[in-house]
Amino acid sequence: MSLFLLSLACGSNSSLDVSDGDPSVDDSAPVEEEEEEDPGTALWAGDWTGDLRIEGSSSFDCDGELDVEFEEDGSFSGDGLCDFGSWSGESDVEIEGAIDEDGVLTGTLWLDYRDEDVELDVSGQADDDDDIDATLEGLYVYEGGWGDYEIELGGEIEFDLD
């Protein structure tokens with residue numbers, strides 16, 4: 001204690017050592033706080049069911065269901081059926097794409113209609129961790145007896161986590 005008082009009396013600027021005595025630990029270094037890990041795209045990973053509705057004209061309305069698996073890296077893929085009713089029966093449907101950390105979904109949906117391949121763009125947004133709504137846009141082009149026909153298509157998919 002007398003050394004401390006002596007250093008005060010002499011005008012020393014030395015400070016007291018308040019370390020725990022372990023010379024390998026720098027007690028003066030700022031303590032880093034651990035950051036919470038952002039779940040990113042893994043938040044949506046899992047098996048999802050999608051209720052599908054596509055509309056174009058009276059002969060191109062279909063309703064169906066998709067089984068889709070979202071991977072931890074954000075990619076997704078799946079398949080299902082779309083029912084056109086008694087007019088044209090059912091069609092196999094395939095979907096694939098990706099969802100990013102912000103829940104923005106993009107992809108492509110394919111189906112077969114009257115022996116023609118139909119491709120629709122898929123875009124959407126996750127509302128929370130168990131609900132994703134997506135819209136569909138595309139064009140169906142086919143050759144008929146009177147020339148080529150184009151039907152603009154639209155629709156939606158409502159995904160629910162299984």
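The values are calculated or read from the model by the stated rules, or taken from the named source; none is laboratory data. All of these numbers come straight from a predicted model, not from anything done at the bench. Glycine also receives a Cβ, built like all others from the backbone with ideal geometry; neighbour counts cover every protein chain displayed.
Screening Asp100 against (1) more than 18 Å from Gly50 (Cα to Cα); (2) touching a residue at least 24 places away in the same chain (Cβ under 8 Å); (3) acidic (Asp, Glu); (4) touching an Asp or Glu at 6+ places or on another chain (Cβ under 8 Å) leaves a single unmet condition, (4).
Number of residues in the range 97-111 that are surrounded by 15 or more Cβ atoms within 10 Å (Cβ to Cβ), of a type outside the set (A, V, I, L, M, F, W, C) and under 15 Å from Gly138 (Cα atoms): the value is 1. Flag set for Ser75, criterion: touching a strand residue (DSSP E or B) at 6+ places or on another chain (Cβ under 9 Å), more than 15 Å from Ile157 (Cβ to Cβ) and free of Cβ contacts under 8 Å to residues at least 60 places away in the same chain. No other residue among Gly145, Gly80 is at pLDDT 95 or above, of a type in the set (Gly, Ala, Ser) and more than 16 Å from the chain's Cα centre (by Cα) apart from Gly80. Exactly one residue out of Tyr140, Tyr113, Tyr149 is touching a Leu at 6+ places or on another chain (Cβ under 6 Å) and over 29 Å from Trp44 (Cα atoms), and it is Tyr140. Being in contact with an Asp or Glu (Cβ under 7 Å, 6 or more places away or on another chain), surrounded by fewer than 14 Cβ atoms within 10 Å (Cβ to Cβ) and of a type outside the set (A, V, I, L, M, F, W, C) is the requirement here; does Asp117 meet it? Considered against the rule, which asks whether it is in contact with an Asp or Glu (Cβ under 7 Å, 6 or more places away or on another chain), surrounded by fewer than 14 Cβ atoms within 10 Å (Cβ to Cβ) and of a type outside the set (A, V, I, L, M, F, W, C), Asp117 comes out as no.
Of all residues in the range 70-91, those satisfying the criterion of being closer than 20 Å to Asp162 by Cβ and not in a strand (DSSP E or B) are Glu71, Glu72, Asp73, Gly74. Pick from the range 56-72 the residues that are over 16 Å from Ser86 (Cα atoms) and touching a residue at least 60 places away in the same chain (Cβ under 8 Å): which of them is surrounded by the most Cβ atoms within 10 Å (Cβ to Cβ)? Within the range 56-72, the match that is surrounded by the most Cβ atoms within 10 Å (Cβ to Cβ) is Val68.
Within the range 27-53, restricting attention to residues that are outside any loop (DSSP other than H, G, I, E, B) and among the polar types (S, T, N, Q), the residue that is modelled with the highest pLDDT is Thr49.
Taken together, the residues in the range 103-140 that are touching a strand residue (DSSP E or B) at 6+ places or on another chain (Cβ under 7 Å), in a loop (DSSP other than H, G, I, E, B) and in contact (Cβ under 8 Å) with a residue 40 or more places away in the chain amount to 1.
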